[in-house]
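Enquirer: Sending over a structure as structure tokens; questions will come in a sec.
The values are calculated or read from the model by the stated rules, or taken from the named source; none is laboratory data. Remember, predicted model here, so these are calculated numbers, not experimental data. We place every Cβ from the backbone using ideal geometry, glycine too, and count neighbours over all the protein chains shown. When the accessible area is computed, the model is the full protein with side chains, heavy atoms only, and any ligands, DNA or RNA have been set aside. Shrake-Rupley method; radii C 1.70, N 1.55, O 1.52, S 1.80 Å.
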Amino acid sequence: MILAGMSASTAQAQRSLYLVRPGSQTDLQWLRLLRISPRGRTNDGIVVRLDPERAGLLSEAGIPIISLDRDPALPSAARWRDEIWHDHSGVGEWLDGLADAHPDIASRFELGRSVNDAPLHGIVIGTMSDDASEVRILGGHHGDELMGIEIPLLLARHLAEGYGVDPKTTDILNATRVYIVPLVNPDGRADLSRENANGVDLNRVYGYQYHHGVWSGDTDTSPKAGPYSQPEVRAVADQQLQHRFAASLSFHTVGQDITWWWNYSPHPCPDQAIAVELAQRYAGLACADGDCYDAMQGSDMYQSYGDTNDFAYGVAGGLDFTVEVGNEGIEHEWDHNRPALMDFLEQAQRGLRGRVTDASDGSPLQAMVRCQEAWPVF
């Protein structure tokens with residue numbers, strides 16, 4: 001009834017940024033009913049864009065909303081002025097420099113191409129042994145979340161420059177390959193936009209448990225949304241299916257938390273115990289001046305469909321987490337996350353490892369491994 005009464009002019013009205021502080025699942029249902037798609041989260045609530053009518057309806061429902069004068073994912077004016085924030089070309093130059101300086105341990109790759117044909121820059125760092133654990137680090141699904149680009153860049157530098165110098169880093173890379181793609185959405189970064197060049201939220205269109213609706217990226221401003229509809233998402237998905245990453249992280253902004261799957265459902269996953277343990281380890285190590293990250297299931301904040309975490313785990317059994325980093329300054333956030341990141345790479349060595357081969361000729365085989373009371377791993 002509410003939606004039917006909205007005028008066409010209202011739907012086209014200029015939308016402003018708000019912080020919504022839902023106090024219950026009922027409040028979240030109001031967002032769904034009004035077709036309000038969360039743009040992200042902060043430590044204080046959910047960031048949304050609202051037209052005047054929807055803002056009024058939320059207020060009438062008693063749901064606290066606060067008008068925002070800027071996108072909280074973007075750096076403050078002072079940070080923007082005083083720090084270097086890498087765009088698409090800057091990401092490529094950074095990774096080129098690392099690969100050129102450390103050819104024994106690092107090499108460049110192109111994950112795919114964006115809607116506007118920009119290459120998705122990547123670097124792989126670590127051993128080329130065929131039984132190595134493989135880990136993936138993603139950043140920049142949302143083009144306005146700049147800190148989520150910087151942390152993967154700094155991790156790449158830390159690993160490449162630490163190999164052969166720092167014993168812990170050397171041990172990790174002797175047993176692991178780390179694939180890093182700092183900027184999944186170069187077109188959005190060029191426009192400082194959350195969405196890609198088709199107006200689609202990339203972190204809502206991975207296909208696992210995709211559900212057509214507002215929290216799957218299907219809004220009146222993104223008619224091109226749909227499962228695996230975007231080239232950037234297909235590139236990430238193809239790599240996941242090829243490499244079967246044991247563990248992975250996707251960096252976003254702005255907050256101070258790490259979340260695990262499921263995002264589409266509040267029900268626990270079969271591997272809930274290890275998901276909670278790894279998330280809590282990361283949160284406990286991501287501390288600065290006594291300020292530590294929080295660990296939670298993704299759906300605890302709000303349910304979303306077509307998320308990277310759900311895809312990686314649901315389709316391939318990969319333990320994939322979202323890390324929401326703060327916006328206090330690049331070096332501050334790096335210092336906050338560095339110990340947790342290095343520990344996470346160490347944890348990727350846990351569990352079963354080995355090869356599955358053909359008994360007759362020893363050639364490698366695609367395989368599925370099932371453990372009791374756990375999700376199958378491919």
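Enquirer: In nm, what is the difference between 0.36 nm times the number of residues separating ASP131 and ARG70 and their Cα-Cα distance?
Expert: On the way: separation 61, 0.36 × 61 = 21.96 nm, distance 4.71 nm.
Separation in residues times 0.36 nm, less the Cα-Cα distance, equals 17.2 nm.
Enquirer: While we're here: How big is the chain by the Kirkwood estimate over distinct Cα pairs, in Å?
Expert: On the way: mean 1/r = 0.0469 Å⁻¹.
Final number for the Kirkwood radius of the chain is 21.3 Å.
Enquirer: For ALA101 and ASP335, what does the FRET efficiency come to when R0 = 25 Å and r is the distance between their Cβ atoms, rounded to the nearest 0.05? All intermediate terms of the calculation are to be shown ahead of the outcome.
Expert: Working: r = 23 Å, r/R0 = 0.92.
Once the sixth-power term is evaluated, E becomes 0.60.
Enquirer: Residue-wise, which Karplus ³J(HN,Hα) couplings in Hz belong to the range 279-287, taking 6.51 cos²θ - 1.76 cosθ + 1.60, θ = phi - 60°, and x for glycine or proline?
Expert: 5, 5, 4, 4, 4, x, 8, 8, 10
Enquirer: Continuing with the same structure: With each pseudo-label sitting 7 Å past Cα toward Cβ, what's the GLN280-ASN116 distance in nm, one decimal?
Expert: Placing both labels 7 Å beyond Cα along the Cβ direction yields 4.5 nm.
Enquirer: In the calculated pair distance distribution of the range 82-126, what percentage of Cα-Cα distances lie above 15 Å?
Expert: Details: 461 of 990 pairs.
When every Cα pair of the range 82-126 is considered, 47 percent fall beyond 15 Å.
Enquirer: Let me make sure I get this right: for the range 294-361, a, b and c are the square roots of the gyration tensor eigenvalues over alpha carbons, sorted descending. Under 1.5 in a/c it's rounded, otherwise prolate if a/b > b/c, else oblate. Which is it?
Expert: Numbers: a/c = 3.31, a/b = 1.56, b/c = 2.12.
Oblate, since a/c reaches 1.5 and b/c is not below a/b.
Enquirer: Treating only the Cβ atoms of Lys and Arg (+1) and Asp and Glu (-1) as charged, compute the dipole magnitude of the chain about its Cα centre; round to the nearest 20 debye.
Expert: Dipole size: approximately 880 debye.
Enquirer: Okay, next question. Could you work out the relative contact order of the range 83-228, using alpha carbon pairs under 8 angstrom and six or more residues apart, expressed as a whole percent?
Expert: Working: 271 pairs, mean separation 37.1, N = 146.
In percent, rounded to a whole number, it is 25.
Enquirer: Only sites in a loop by DSSP and with at most 16 other Cβ atoms within 10 Å count here; which chymotrypsin sites (Phe, Trp or Tyr not before Pro) in the range 73-159 make the cut?
Expert: Working: sites: TRP80, TRP85, TRP94, PHE109; in loops: TRP85.
Sites meeting the loop and neighbour criteria: TRP85.
Enquirer: Here's another thing I want to ask about it. Using Cα pairs closer than 8 Å and at least 6 residues apart in sequence, work out the relative contact order for the range 241-293, in percent. Walk me through the numbers before you get to the answer.
Expert: Working: 24 pairs, mean separation 16.8, N = 53.
The value is 32 percent.
Enquirer: In terms of the Cα gyration tensor, with a ≥ b ≥ c the square roots of its eigenvalues, is the range 224-294 rounded because a/c is under 1.5, prolate because a/b exceeds b/c, or oblate?
Expert: On the way: a/c = 1.98, a/b = 1.66, b/c = 1.19.
Cα axes put the range 224-294 in the prolate bin.
Enquirer: Note down the relative contact order for the chain as a percent, whole number, built from C-alpha pairs under 8 angstrom at least six residues apart.
Expert: After rounding, I find 16 percent.
Enquirer: Another one. Which shape class, rounded, prolate or oblate, goes with the range 28-91 when its Cα gyration tensor gives a ≥ b ≥ c as root eigenvalues, a/c under 1.5 marks rounded, and past that a/b bigger than b/c marks prolate?
Expert: On the way: a/c = 3.15, a/b = 2.38, b/c = 1.33.
It is prolate, given that a/c is not under 1.5 and a/b is the larger ratio.
Enquirer: Okay, moving on. What cysteines in the chain have no other cysteine with a beta carbon less than 4.7 Å from their beta carbon?
Expert: Isolated Cys, the chain: CYS269, CYS371.
Enquirer: If you fit an axis through the alpha-carbon atoms of helix 88-101 and take the longest principal axis of the Cα set of the chain, what angle between them do you get, 0 to 90°, nearest 10?
Expert: 10 degrees
Enquirer: Which sequence of HIS336, HIS102, HIS211 reflects their accessible areas, 1.4 Å probe, from the largest down?
Expert: Details: HIS336 0, HIS102 40, HIS211 95 Å².
These residues rank, largest area first, as HIS211, HIS102, HIS336.
Enquirer: Here's another thing I want to ask about it. Any idea how far apart TRP85 and ASP291 come out in nm if each label point goes 7 Å out from Cα toward Cβ?
Expert: Spacing of the two 7 Å Cα→Cβ label points: 1.8 nm.
Enquirer: Sticking with this structure for a sec: Expressed as a whole percentage, what fraction of the accessible surface of the chain belongs to carbon and sulfur atoms when a 1.4 Å probe is rolled over the protein heavy atoms?
Expert: Taking all protein chains in place, the chain shows 50 percent carbon and sulfur surface.
Enquirer: Let me ask something else about it. Can you list the residues, at least 5 places off or on another chain, whose amide H is less than 5 Å from the amide H of ASP271, using H built in the peptide plane?
Expert: The answer is TRP375.
Enquirer: OK, next. Identify which of ARG32, ARG49, ARG355 has the largest mean-square fluctuation in a Gaussian network model of the chain, with springs joining Cα atoms closer than 10 Å.
Expert: ARG355
Enquirer: With unit charges on the beta carbons (Lys and Arg positive, Asp and Glu negative) and the dipole taken about the Cα centre of the chain, which residue among LEU202, LEU159, LEU138 sits farthest to the positive side?
Expert: LEU202
Enquirer: Related question: So for LYS168, LYS224, what's the accessible-area order with a 1.4 Å probe, most first? The partial results should precede the final answer.
Expert: On the way: LYS168 85, LYS224 125 Å².
Result, largest first: LYS224, LYS168.
Enquirer: While we're on this one: Just to be sure I understand: with springs between alpha-carbon atoms less than 10 Å apart, which residue in ALA340, ALA61, ALA246 has the highest mean-square fluctuation in the Gaussian network model of the chain?
Expert: Comparing ALA340, ALA61, ALA246 in a Gaussian network model of the chain, the most mobile one is ALA61.
Enquirer: What does the charge dipole of the range 215-323 about its Cα centre add up to, to the nearest 20 debye, if the Cβ of each Lys and Arg holds +1 and the Cβ of each Asp and Glu holds -1? Present the calculation step by step, with values, prior to reporting the outcome.
Expert: Numbers: 4 positive and 14 negative charges, 73 e Å.
Here the size comes out at about 360 debye.
Enquirer: Just read off the accessible area of CYS287 with the full protein assembly in place, 1.4 Å probe, to the nearest 10 Å².
Expert: Accessible surface of CYS287 is approximately 40 Å².
Enquirer: Only Cα pairs within less than 10 Å get springs; with that Gaussian network setup on the chain, which residue of ASP104, ASP361, ASP289 has the largest fluctuation?
Expert: Evaluated over the chain, the most mobile residue of the options is ASP361.
Enquirer: Relative to the longest principal Cα axis of the chain, at what angle does helix 231-243 sit, 0 to 90 degrees, rounded to 10?
Expert: Value to nearest ten degrees: 30.
Enquirer: Place a point 7 Å from the Cα of GLU373 along the Cα-to-Cβ direction; which residues of the range 244-269 have their backbone N under 20 Å from it?
Expert: Flagged as within label range: 261-262, 267-269.
Enquirer: Out of the DSSP beta bridges found with both residues in the range 84-212, what percent are antiparallel (nearest 5)?
Expert: Values: 10 of 16 bridges.
DSSP beta bridges in the range 84-212 are roughly 60 percent antiparallel.
Enquirer: Also: Which FRET efficiency value, to the nearest 0.05, do you get for ASN43 and THR170 by plugging their Cβ-Cβ distance into 1/(1 + (r/R0)^6) with R0 = 30 Å? Show your work: numbers first, answer last.
Expert: On the way: r = 36 Å, r/R0 = 1.20.
That pair, ASN43 with THR170, gives E of 0.25.
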